[in-house]
2 protein chains.
Amino acid sequence: MSESSQHLFSDRVDLMDNPKANRVGFVSRLARRQTRQKYGLALVEGPQAVRELIRFQPSAIRDLYVDLEMASGTYRELVLAAREVTDFVHPCTRQVVDHMSSDAQGIVAVAELEKLPFHPVEQLQLDAGMAVLLARVQDPGNAGTMVRLADAFGAQAVLASAGTADLSSPKVLRSAVGSSFHLPTYTGQFSDLVVPLKKAGFKILGTSGEGAISFDDLIDAATLGTDPELAPVLEGPLVWVFGNEAKGLAPDEAELCDYLVSIPMYGQAESLNVASAAAVVLSGTARIRHRQ
Amino acid sequence: MSESSQHLFSDRVDLMDNPKANRVGFVSRLARRQTRQKYGLALVEGPQAVRELIRFQPSAIRDLYVDLEMASGTYRELVLAAREVTDFVHPCTRQVVDHMSSDAQGIVAVAELEKLPFHPVEQLQLDAGMAVLLARVQDPGNAGTMVRLADAFGAQAVLASAGTADLSSPKVLRSAVGSSFHLPTYTGQFSDLVVPLKKAGFKILGTSGEGAISFDDLIDAATLGTDPELAPVLEGPLVWVFGNEAKGLAPDEAELCDYLVSIPMYGQAESLNVASAAAVVLSGTARIRHRQ
């Protein structure tokens, strides 16, 4: 044990060094949805997501496991911040952390689901601003990237309809790189998410390869006033809806949208990946909503 | 054998049904860079990429392997199109195709690298338009998504500097969903790619979290004429440069850029995934370049 790490953990010399310990196996099984739901816990992997967990949701932290060597080096600041919010920072051998998760990069946290901002649709509270709705987006990497984009481009909430990847899964949390702890998510049936917001005055904008309105026309209308009817569409309360990777929006989902918007393309590609589509429309929408 | 598939393969009854055959193992080993380079072959997986290979690079096809049942059903049109350009369409059992690639979805093609549009920097030919440069983008999923975005938003070429994922790898081809066969790619040292284009009059635009110029200011300048100096930046011959996932652009790469551009963000996210950043700037740039 190096001098600096001795100092860091002076009051807790119980180094976890047995990769076959029950607790190690338990943490690794949080990769499974069933285990997460049974115990109400989430697994947060890697330094970036763990850092944002400490900063934004400190009360949710149950335990934090860190490679002892990295705790006194690369992750020293992170560990000091963690110890200000929890007594349960556990130094481990690298082998132990690797057994908990192959994507740990030396550090993982276990957090309490009910203290994280993952809510059922019944708790939906949204008065204004922009929300992003994932309608059966199945790939966890896409879902996490879209949570990150929603955060980056100023959305107030992420909505996920039944059939979307579990937003509390380690893969989604990893792709979201901490954004999962920055804004609330609400999960439920598509219509239960959309209908109340529609009634509350939110415009519902769906993305679709067959959308009658071109996103570039929406931008031009808002910027240059080319079409007075389209000019205000990107302003005020609105929800951007993105459909399933293979199938797009289902007919009943499209039916509930006020506008179906397509992204103009200029080459031979037939479509965009759903996370790319989200990057295009959310960045363009943010530019309109935040202009001086 | 169903009636329709009998008809489709009436002149070739040699169903490949042995997953342990040498040829099956050989195809599966094309997942390795070493094997691809030794034999000068690429592995193209799944119906979308194979369809674009048939449409855009038919002369590169060496062999096409397809699940017999799907050949007479879902992939009937695809197989008919393939048989117009090659005699080497091989019906297989599903097990054989799955042994060739776990991402086959019932169909894979083997193609000759030198007939595909993957070129060394020495063959670089680009007079005008827009190019996208991947500067040590390491994740194959990101690299493929960026090839798809370059295609979708009208780029004439993709450039890849040393250290970037191999653009001819199955994972990149899969993420690019056929766009790899739509436009040429040139690979070489960063400076060997950039310097000749700079001399030929291309503006070099690098994306960077610390970029002094905001992308929104570039868009406003081009659209609203807010800044006469920035107004023409997105027009004419240009190269958009995207850096490594973890490290961004290296100092010597940034040094060769004419402009360093940052993407404005409005939430708590600290950065964007590199493919998301590409979606934002390429879509915005295309909107400016293709406006009426």
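The values are calculated or read from the model by the stated rules, or taken from the named source; none is laboratory data. In this text the structure is predicted, and so the values were computed from the model without any measurement. Positions of Cβ are backbone-derived with ideal geometry, glycine not excepted, and every protein chain shown enters the neighbour counts.
Miscellaneous remarks
- Residue within the range B:271-283 that is at the interface with another protein chain (Cβ under 10 Å from one of its Cβ atoms) and surrounded by fewer than 22 Cβ atoms within 10 Å (Cβ to Cβ) present: yes
- Residue in the range A:210-217 that is more than 18 Å from B:Arg287 (Cβ to Cβ), surrounded by fewer than 19 Cβ atoms within 10 Å (Cβ to Cβ) and out of contact with any helix residue (DSSP H, G or I) (no Cβ under 7 Å at 6 or more places or on another chain) present: yes
- Screening A:Gly225, A:Gly243, A:Gly178 for residues that are crowded, with 21+ Cβ neighbours inside 10 Å, of a type outside the set (A, V, I, L, M) and at positive phi leaves exactly one candidate, A:Gly178.
- The one condition from (1) crowded, with 16+ Cβ neighbours inside 10 Å; (2) at pLDDT below 95 that B:Asp87 does not meet is (1).
- Selection of the range B:240-270 for residues being in contact with a helix residue (DSSP H, G or I) (Cβ under 8 Å, 6 or more places away or on another chain), within 14 Å of chain A (Cβ to nearest Cβ), part of a loop (DSSP other than H, G, I, E, B) and not aromatic (Phe, Trp, Tyr) yields B:Glu245, B:Ile263, B:Pro264, B:Met265, B:Gly267, B:Gln268, B:Ala269.
- Checked against (1) closer than 30 Å to B:Ala157 by Cβ; (2) within 14 Å of chain B (Cβ to nearest Cβ), A:Arg289 meets all criteria but (1).
- B:Thr285 within 23 Å of the chain's Cα centre (by Cα) and among the hydroxyl-bearing types (Ser, Thr, Tyr): yes
- Of all the listed residues (A:Ala131, A:Ala109, A:Ala135), the sole one being small (Gly, Ala, Ser), in contact with a Phe, Trp or Tyr (Cβ under 8 Å, 6 or more places away or on another chain), surrounded by 21 or more Cβ atoms within 10 Å (Cβ to Cβ) and not assigned by TED's automatic domain parsing to the domain that holds A:Cys257 is A:Ala109.
- Residue within the range B:180-198 that is small (Gly, Ala, Ser) and closer than 15 Å to A:Ala269 by Cα present: yes
- Among the residues examined, A:Asp87 qualifies as assigned by TED's automatic domain parsing to the domain that holds A:Asp17 and part of a loop (DSSP other than H, G, I, E, B).
- Enumeration of residues in the range B:144-169 that are among the charged types (D, E, K, R) and more than 14 Å from chain A (Cβ to nearest Cβ): B:Asp166
- Selected residue (criterion: nearest to the other protein chains (Cβ to nearest Cβ)) from residues of the range A:204-239 that are without any contact (Cβ under 8 Å) to a residue 40 or more places away in the chain and β-branched (Val, Ile, Thr): A:Thr226
- Residue within the range A:48-59 that is out of contact with any helix residue (DSSP H, G or I) (no Cβ under 7 Å at 6 or more places or on another chain) and small (Gly, Ala, Ser) present: no
- Yes/no for B:Asp63 being under 14 Å from B:His90 (Cβ atoms) and either at pLDDT 95 or above or not assigned by TED's automatic domain parsing to the domain that holds B:Val96 (or both): yes
- For the range A:54-84, the tally of residues that are surrounded by fewer than 21 Cβ atoms within 10 Å (Cβ to Cβ), under 23 Å from the mean Cα position of the chain (by Cα) and among the hydroxyl-bearing types (Ser, Thr, Tyr) stands at 1.
- Residues of the range B:1-37 that are at pLDDT below 70 and of a type in the set (Gly, Ala, Ser): B:Ser2, B:Ser4, B:Ser5, B:Ser10.
- Where a residue in the range B:153-166 is charged (D, E, K, R) and its partner, wherever it lies, is buried (at least 22 other Cβ atoms within 10 Å of the Cβ), with Cβ under 7 Å and at least six apart: B:Asp166/B:Val172
- Listed conditions (1) surrounded by fewer than 19 Cβ atoms within 10 Å (Cβ to Cβ); (2) within 19 Å of B:Tyr259 (Cα to Cα); (3) within 14 Å of chain A (Cβ to nearest Cβ) are all met by B:Gly141, apart from (2).
- Members of the range A:36-64 that are under 16 Å from A:Leu80 (Cβ atoms), of a type in the set (A, V, I, L, M) and assigned to a helix (DSSP H, G or I): A:Val50, A:Leu53, A:Ile54
- Criterion: in the same structural domain as B:Gly163 (by TED's automatic domain parsing) and farther than 24 Å from A:Asn273 by Cα - qualifying residue of B:Gly209, B:Gly236, B:Gly284, B:Gly243: B:Gly236
- Some residue of the range A:70-80 being among the β-branched types (Val, Ile, Thr) and without any contact (Cβ under 8 Å) to a residue 40 or more places away in the chain: yes
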